[in-house]
Amino acid sequence: FFITGKAVYRARAQDTIDAFKGELTRNVFGLGTLLGARTLLDSALQIAIVGPSREARTQLRRVVEDLSLPERIVQEVTPDHQFPAYHPLSGKSAVNGAVTAYVCRGPVCSLPITDAEAIGR
């Protein structure tokens with residue numbers, strides 16, 4: 001869901017979690033992965049790195065990967081990449097041609113970040 005933005009994948013994930021939620025009261029230890037999936041679905045930190053230069057995107061990605069950010073999903077895209085209209089990254093693009101990062105939790109995204117040092121703040 002986070003990579004494609006297709007709501008059908010989010011619905012399928014939610015349906016899978018719902019199918020087993022009754023088991024949680026009987027066997028919480030056996031469903032640790034399911035609990036982790038639920039946490040990811042509810043609070044994934046989605047980081048999109050947008051820019052025309054693959055090398056510049058990769059450099060910014062390395063900065064992001066050096067940070068401890070559990071439940072992060074990092075995606076590198078070119079400026080012409082189109083996210084679906086309902087996706088939080090819809091309409092986001094590189095600022096003045098510079099590689100730009102957007103950090104989103106749920107439907108809310110940060111302002112554009114073009115300074116690699118600002119990612120860690």
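Since every read-out is calculated from the coordinates, none of them should be taken as a lab result. Just so it is clear, the model here is predicted, and its values are computed rather than measured. All Cβ positions, glycine included, derive from the backbone under ideal geometry; neighbour counts span all protein chains shown.
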Between GLN14 and ARG72, what FRET efficiency comes out of the Förster formula 1/(1 + (r/R0)^6) with R0 = 22 Å and r the beta carbon distance, rounded to 0.05?
-> 0.60
Once the piece of chain linking GLU23 and THR58 is laid out straight, how much longer is it, given 0.36 nm per residue of separation minus the C-alpha distance between them?
-> 8.4 nm
Where in the stretch 53-72 does the label zone of ALA116 land, with the point 7 angstrom along Cα→C-beta and an amide N cut-off under 15 Å?
-> 53-67
Write down the Å³ per residue value for the convex hull defined by the alpha carbon atoms of the chain.
-> 110
Return the long-range amide H neighbours of VAL95 (sequence gap of 5 or more, or a different chain), with a cut-off of under 5 Å between placed amide H atoms.
-> THR100
Grab the other residues whose beta carbon is less than 13 angstrom from that of ALA19, score K and R as +1, D and E as -1, and report the net.
-> 0
Only helices counted: for the chain, with every DSSP H run of 4 or more residues adding -39500 (n - 2.57) and the sum spread over all residues, [θ] at 222 nm is -10500 deg cm²/dmol
Let me have the relative contact order for the chain, percent, based on Cα pairs under 8 Å that are six or more residues apart.
-> 27
Given charges of +1 on the Cβ of Lys and Arg and -1 on the Cβ of Asp and Glu, with all other atoms neutral, how large is the dipole of the chain about its Cα centre, in debye to the nearest 20?
-> 200
Of the residues LEU24, LEU69, LEU45, which exhibits the maximal mean-square fluctuation in a Gaussian network model of the chain defined by a 10 Å Cα contact cut-off?
-> LEU24
J(HN,Hα) series, the stretch 70-82, from Karplus relation 6.51 cos²θ - 1.76 cosθ + 1.60, nearest Hz, glycine and proline x = x, 6, 8, 10, 10, 9, 9, 9, 7, x, 8, 5, 10
Among trypsin sites (Lys or Arg not before Pro) in the stretch 5-81, those in a DSSP loop whose Cβ has at most 14 other Cβ atoms within 10 Å are LYS6, ARG26
With springs only between Cα atoms under 10 Å apart, run a GNM on the chain and tell me which of ILE17, ILE73, ILE47 wobbles the most.
-> ILE17
Would you pull out the residues with amide H under 5 Å of ALA44's amide H, same chain only if 5 or more places away, H placed 1.01 Å from N?
-> GLY106
Please name whichever of GLY120, THR25, THR100 sits farthest to the positive end of the charge dipole of the chain, dipole taken about the Cα centre and charges placed at Cβ: Lys and Arg +1, Asp and Glu -1.
-> THR25
Out of GLN14, PRO84, SER110, whose Cα points farthest toward the positive end of the dipole of the chain (charges: +1 Lys, Arg; -1 Asp, Glu; placed on Cβ)?
-> GLN14
Report the charge-dipole magnitude of the stretch 1-42 in Debye, nearest 20, computed about the Cα centre from +1 at each Lys and Arg Cβ and -1 at each Asp and Glu Cβ.
-> 80
